[in-house]
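Asker: Handing you a structure now.
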């Protein structure tokens with residue numbers, strides 16, 4: 001097993017993907033090329049078929065190769081703080097993927113094929129330019145945490161009510177006016193909803209069916225944290241119904 005981390009970014013110029021990584025092909029399990037001023041990912045990355053963790057945060061990447069769908073062992077992708085404007089449809093082929101974080105990019109849409117990621121636990125698409133989430137997101141049945149802060153989202157697709165394992169939904173700094181009326185009733189594990197800086201009102205939220213049960217889950221969560229003497233900052237105690 002090879003766990004590889006490189007830092008090529010000591011110069012201000014754009015860097016190329018290191019050939020020596022590709023030569024290791026089947027040996028690579030984790031590849032961390034954070035903060036290396038990489039401009040693109042070569043098609044040859046598909047050789048790393050046993051790779052489970054791909055971390056390319058803080059680079060200059062604009063496009064992902066379509067044949068990334070061949071990386072069938074991937075469980076984690078981190079592309080935070082790049083310049084990616086579109087995700088290829090082939091992303092949906094990564095059926096073992098559990099964590100996908102692509103915050104701080106230039107995404108305007110997500111591919112419908114994201115619904116094929118049935119093992120996805122975490123999706124972080126914060127700080128992009130999304131106006132909506134695809135209806136297919138409701139097919140990410142394992143999803144526990146959805147972070148979409150800092151976008152232009154006005155409403156959620158009704159399919160989010162299918163996310164029965166969802167625990168945390170973060171939509172701060174969007175344009176959300178309403179959420180699906182059956183969300184709180186359908187998502188029975190939901191413990192935290194954060195909606196700071198949105199036009200939705202607390203009255204709207206509290207009038208939703210299932211609100212009392214949601215509030216009970218939220219309080220139970222924080223009672224456990226306090227009973228366990230967990231240190232919670234001021235933001236931590238704000239979790240739950242954050243409007």
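The values are calculated or read from the model by the stated rules, or taken from the named source; none is laboratory data. The structure presented is a predicted model; accordingly, all values stated were derived computationally and were not measured. Backbone-built Cβ (ideal geometry, glycine too); neighbour counts: all protein chains shown.
Asker: Which one of 53, 118 is more than 17 Å from residue 148 (Cβ to Cβ) and crowded, with 17+ Cβ neighbours inside 10 Å?
Answerer: Exactly one of 53, 118 is more than 17 Å from residue 148 (Cβ to Cβ) and crowded, with 17+ Cβ neighbours inside 10 Å, namely 53.
Asker: Could I ask something else about it? Would you be able to tell me the number of residues in region 140-159 that are in a loop (DSSP other than H, G, I, E, B) and more than 17 Å from residue 96 (Cα to Cα)? Walk me through how you get there before you give the answer.
Answerer: Going through region 140-159, the residues in a loop (DSSP other than H, G, I, E, B) turn out to be 140-144, 148-154, 156-157.
Among the residues that remain, those that are also more than 17 Å from residue 96 (Cα to Cα) are: 148-154, 156-157.
The number of residues fulfilling the criteria is 9.
Asker: So which of 74, 60 is in a loop (DSSP other than H, G, I, E, B), surrounded by fewer than 17 Cβ atoms within 10 Å (Cβ to Cβ) and in contact with a strand residue (DSSP E or B) (Cβ under 8 Å, 6 or more places away or on another chain)? Step through it out loud before you land on a result.
Answerer: Values: 74 fails: surrounded by fewer than 17 Cβ atoms within 10 Å (Cβ to Cβ).
Only one candidate qualifies: 60.
Asker: Within the group 138, 150, which residue is at positive phi and buried (at least 16 other Cβ atoms within 10 Å of the Cβ)?
Answerer: 150
Asker: Can you name the residue in region 179-202 that is over 19 Å from the mean Cα position of the chain (by Cα) and not in a loop (DSSP other than H, G, I, E, B) and, of all such residues, is farthest from residue 167 (Cα to Cα)?
Answerer: Taking the candidates together, the pick is 202.
Asker: Report whether or not residue 188 is surrounded by fewer than 17 Cβ atoms within 10 Å (Cβ to Cβ) and assigned by TED's automatic domain parsing to the domain that holds residue 141. Quick ask: steps written out before the conclusion?
Answerer: Values: surrounded by fewer than 17 Cβ atoms within 10 Å (Cβ to Cβ): yes; assigned by TED's automatic domain parsing to the domain that holds residue 141: yes.
It is true that residue 188 is surrounded by fewer than 17 Cβ atoms within 10 Å (Cβ to Cβ) and assigned by TED's automatic domain parsing to the domain that holds residue 141.
Asker: Of the conditions (1) in a loop (DSSP other than H, G, I, E, B); (2) outside the structural domain of residue 40 (by TED's automatic domain parsing); (3) in contact (Cβ under 8 Å) with a residue 24 or more places away in the chain, residue 137 clears all except one; give me its number.
Answerer: Looking at each condition in turn, residue 137 falls short on (1).
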